[in-house]
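Report on one structure; see the data block that follows.
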Amino acid sequence: MRFTSEQHLDDGVLEREFALDEIPGTLWMPESAASAPLILIGHNGGLHRREPRLVARARQSAAYGYAVAAIDAPGHGERPRSTVDEQARADLRRAMQAGEPVDEIFESFVGPLVERAVPEWRATLDALLSLPEIGGPVGYSGMTAIGIRLAVVEPRIVAAAFFAGGFVPRAQREEARQTTIPLLFLLQWDDEGNPRQWALDLFDAFGTKEKTLHANMGGHAGTPWFEVDDGDRFFGRHLK
């Protein structure tokens, strides 16, 4: 891991850009942190780490006392897109404009993204936990599909907050039954692109005995800001 820049922000948060091989990332943490608990944070669509809502969430959690890290998923943000990535996006745009079913297109796109992204998250976790200013335990907040896989394969992650607004491939819907860590699941009741019943069925499928569902009125991007505060308190119960 190489740190490429460092910036002191006005809310007492230190923002550091890093690169791990070809993976770009950002680490936010309190300026006076010592062995801070770590939250891995991902955009609900696996998009870039500079997405404004993700940055705002990360900065608030860092001000709350956590180290927070995000990386660009394969084919997103600063990372090059393959011909397959571009074709999947074109197919998705065409199908949505034509009002055609998009589930299989999402399946062909999100499934491989999970397979590629999870090993990168685990390598990033290895590098971050080697830093003296970061300790354990570790939480995950963000994209449900990637989060489910991480919750199943990564024993260092002890709690997770998922956003129900993203497509979850069939493989991860089955893996949800294997999750055993505490979960906070956020659902926008009127999400345009995520059938409500799918989200409720997924919540029911999670194998953990400690799971909480927060449902709010509104569309995909309308999650109330107070849910960030509630998420920090959720992680406070399990990471501090």
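Taking every alpha-carbon pair in the chain and binning the separations at 10 Å intervals from zero gives 8, 33, 38, 18, 3, 0 percent.
Running a GNM on the chain with Cα contacts under 10 Å, which residue among A33, A62, A90 ends up with the highest mean-square fluctuation? In the Gaussian network model the winner is A90. Simple point charges give the picture: +1 on the Cβ of Lys and Arg, -1 on the Cβ of Asp and Glu, and for region 2-239 a dipole about the Cα centre of about 320 debye. Can you give me the Cα centroid spacing of region 1-34 and region 75-118 in angstrom? Going from one Cα centre to the other spans 30 Å.
Excluding G218 itself, calculate the net charge of residues whose Cβ lies under 12 Å from the Cβ of G218, where each Lys or Arg counts +1 and each Asp or Glu counts -1. Once all neighbours under 12 Å are counted, the net charge is -4. As a proxy for reagent exposure, ranking S108, S35 by other Cβ atoms within 10 Å from fewest up yields S35, S108.
With +1 on each Lys and Arg Cβ and -1 on each Asp and Glu Cβ, how big is the dipole of region 1-98 about its Cα centre, in debye rounded to the nearest 20? Walk me through the intermediate numbers first.
Values: 12 positive and 14 negative charges, 78 e Å.
For this selection, approximately 380 debye.
So what's the angle, to the nearest 10 degrees on a 0 to 90 scale, between helix 52-64 and the longest Cα principal axis of the chain? Between the helix axis and the principal axis of the chain, the angle is about 40 degrees. Angle check, please: helix 103-129 long axis (alpha carbons) against the longest principal axis of the chain (alpha carbons), in degrees 0 to 90, nearest 10. With rounding to tens, the tilt is 10 degrees. The 3J(HN,Hα) values that the Karplus relation (6.51, -1.76, 1.60; θ = phi - 60°) gives for region 135-152 are, in residue order, x, x, x, 10, x, 10, 9, x, 4, 5, 4, 5, x, 4, 4, 4, 4, 7 Hz. Gly and Pro appear as x.
Ranking L239, A69, A171 by Cα position along the charge dipole of the chain, where only Lys, Arg, Asp and Glu carry charges on their C-beta atoms, puts L239 farthest toward the positive end. Over all pairs of different C-alpha atoms, region 4-130 has a mean inverse distance whose reciprocal, the Kirkwood radius, equals 15.8 Å.
Every read-out reported here was derived from the displayed coordinates using simple, explicitly stated rules and does not represent laboratory data. Just so you know, these numbers come straight off a predicted model, no measurement behind them. Reconstructed Cβ throughout: ideal geometry from the backbone, glycine too, with neighbour counts over all protein chains shown.
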